[in-house]
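The values are calculated or read from the model by the stated rules, or taken from the named source; none is laboratory data. Please read all numbers here as calculations on a predicted model, not as lab measurements. Here the Cβ positions follow ideal geometry from the backbone for every residue, glycine too, while neighbour counts run over all protein chains shown. To get the accessible areas, we keep the full protein, side chains included, count just its heavy atoms, and leave off ligands, DNA and RNA. Shrake-Rupley method; radii C 1.70, N 1.55, O 1.52, S 1.80 Å.
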Amino acid sequence: GLLKKAYELSVLCDAEVALVIFSSRGRLYEYANNSVKGTIDRYKKACTDNSSTGSISEANSQYYQQEATKLRQQITNLQNSNRNLLGDALTTMSLRDLKQLETRLEKGISKIRSKKNELLHAEIDYMQKREMDLQTDNMYLRSKACVNNSFNLLNSHTRSKFLCHNSTHVSVIYYI
């Protein structure tokens, strides 16, 4: 059972496997897909190399500490820049830095105004189109109401002069 599982593990995982078993009576059972001795030697070498991995992990640790320090500095710089853009913490800035900040702000305001004007013009165009559509609908409804009133007057057999007002013309309808 166990030897079979060791074989399956070596095949399925493409791993180097060595299995050494001593029974309660002292009998030796072993399995290796290469050689038991070669696998044990490789294991011993890996164990001695583990002591040198401490220096590798120290180097990794130092690298990540340096990266963390750089990132903290970037965060501090961004926070200071943000405060400056808001008009805070200006007392430590030189005249040159203040002029650069002013130029950046003016460029930013110019871009903001340009985008705002673009949106306002688009809104005005939309509203003018909407106004035209509503005027057209209004003229249509007035003419329809005028026609309905004319038919109502004809039906009531009234002899009178009826004026139908429209926003573009005035119609005079006589009934006899």
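Rounded to whole numbers, the Karplus 3J(HN,Hα) couplings from phi for region 117-134 are 5, 4, 5, 5, 5, 5, 5, 5, 4, 5, 5, 5, 5, 5, 4, 4, 4, 5 Hz, using 6.51 cos²θ - 1.76 cosθ + 1.60 with θ = phi - 60°, and x at Gly and Pro. Please compute the Cα-Cα pair-distance distribution of region 1-49 with 10 Å bins starting at 0, giving whole percents from short to long. Computed distribution, short to long bins: 25, 47, 26, 2.
Approximating the spin labels as points 7 Å out from Cα along Cα→Cβ, the Arg25-to-Leu98 distance works out to 9.8 nm. If you take all other residues with their beta carbon under 14 Å from the beta carbon of Ile40, and give Lys and Arg +1 and Asp and Glu -1, the sum is +1. DSSP loop trypsin sites (Lys or Arg not before Pro) in region 1-109 with at most 10 other Cβ atoms within 10 Å of their Cβ, which ones? In loop regions of region 1-109 (DSSP not H, G, I, E or B), the sparsely surrounded trypsin sites (Lys or Arg not before Pro) are Arg25, Arg27. Counted by Cβ distance under 12 Å from Ala89, the other residues give a net charge of -1, where Lys and Arg count +1 and Asp and Glu count -1. Note on region 8-105: Cα Rg divided by 2.2 N^0.38 Å, N the number of residues, gives 2.44. The residues packed around Ala15, meaning those with a beta-carbon under 13 Å from its beta-carbon, carry a net charge of -1 if Lys and Arg are +1 and Asp and Glu are -1. Ile40 contributes an accessible area of around 70 Å² to the protein surface, as traced by a 1.4 Å probe with all chains present. Between amide H atoms placed 1.01 Å from N, distances below 5 Å from Ala32 occur with Leu19, all of them 5 or more places distant or on a separate chain. Computed over the Cα atoms of region 52-156, pair by distinct pair, the Kirkwood hydrodynamic radius stands at 21.1 angstrom. Between Ala68 and Gln128, the simple label model (points 7 Å from Cα in the Cβ direction) yields a spacing of 6.1 nm. Per residue, region 93-144 exposes 93 Å² of solvent-accessible protein surface, assessed with a 1.4 angstrom probe and all protein chains in place. In this view, the solvent-accessible surface of Ser10, computed with a 1.4 Å probe and all protein chains in place, comes to about 10 Å².
In the context of the full protein assembly, Cys13 retains an accessible surface of approximately 80 Å², using a probe radius of 1.4 Å and ignoring ligands and nucleic acids.
Surface composition of region 93-144: carbon plus sulfur atoms hold 57% of the accessible area, using a 1.4 angstrom probe and ignoring ligands, DNA and RNA.
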